[in-house]
Amino acid sequence: MKKIIWMSNIILTLLLLSLLTMLITTVIVLISDTPLLNFSQENGTNMWIGLEVSGSWASAAKQLTQSNFNAVIWLGLLQLLPFILINIILIRLFYLYRQGLFFNQKNISCFTWLGTVLLAQFIIVAIYPALLFTLLNYVTGSGLGRMVSINDTDIIGLLAGLIIYVIAWVMKQAHQLQQEQELVI
């Protein structure tokens, strides 16, 4: 039990740091005129902070950029949203673990939400660029070619979401059995 609580503290700290980094990056992208800020020093140290569109949406981002649209605003921020939500859910889950709560309704809820976010992320990855391009073509007449692009990472996310849903169902069944067993004398 002490090991779980100790490890939960470490993971919780890393998750909070990750969430803070994502939120700072989002704010910087929203208030700056460039999606990537580069800091360089004379000693050769380079650091950048920002957001870029990657994965399945990289080709859609390229097409948006070529048509003078800000791909980071139209795609990158939405691409970041599931990661922020996943971080928040995991922070809640490991906070519960830190308190010594392992198999209760709040944990089951965390797993259910985590599975939901991963499944929603897959659906958004699959349909959002095509819907966005249709809307932009209708509003601006830009002539963007609609596309649906799914890569192996997206499919892994879908499978992970389904697996996490099953884990939530198993935990729910175990929790119900535990409650029924507590009622038996």
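The values are calculated or read from the model by the stated rules, or taken from the named source; none is laboratory data. Treat the numbers as computed from the prediction; the structure is a model and nothing was measured. Calculation scope for accessible area: heavy atoms of the full protein, side chains included, ligands and nucleic acids excluded. Shrake-Rupley method; radii C 1.70, N 1.55, O 1.52, S 1.80 Å.
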Review point. What are the residues in segment 117-141 that are open to solvent by 50 Å² or more (accessible area, probe 1.4 Å) and assigned to a helix (DSSP H, G or I), if any?
Key: I123, I124, I127, Y128, L131, T134, L135, Y138, V139, T140
Check your understanding: Looking at this structure, is L93 more than 14 Å from the chain's Cα centre (by Cα) and modelled with pLDDT under 90?
Key -> no
Exercise for review: Can you give me the number of residues within segment 50-62 that are open to solvent by less than 40 Å² (accessible area, probe 1.4 Å) and part of a helix (DSSP H, G or I)?
Suggested key: 4
Check your understanding: Restricting attention to segment 142-168, and to residues there that are small (G, A, S) and under 30 Å from Y95 (Cα atoms), which single residue is most open to solvent (accessible area, probe 1.4 Å)?
Key -> A160
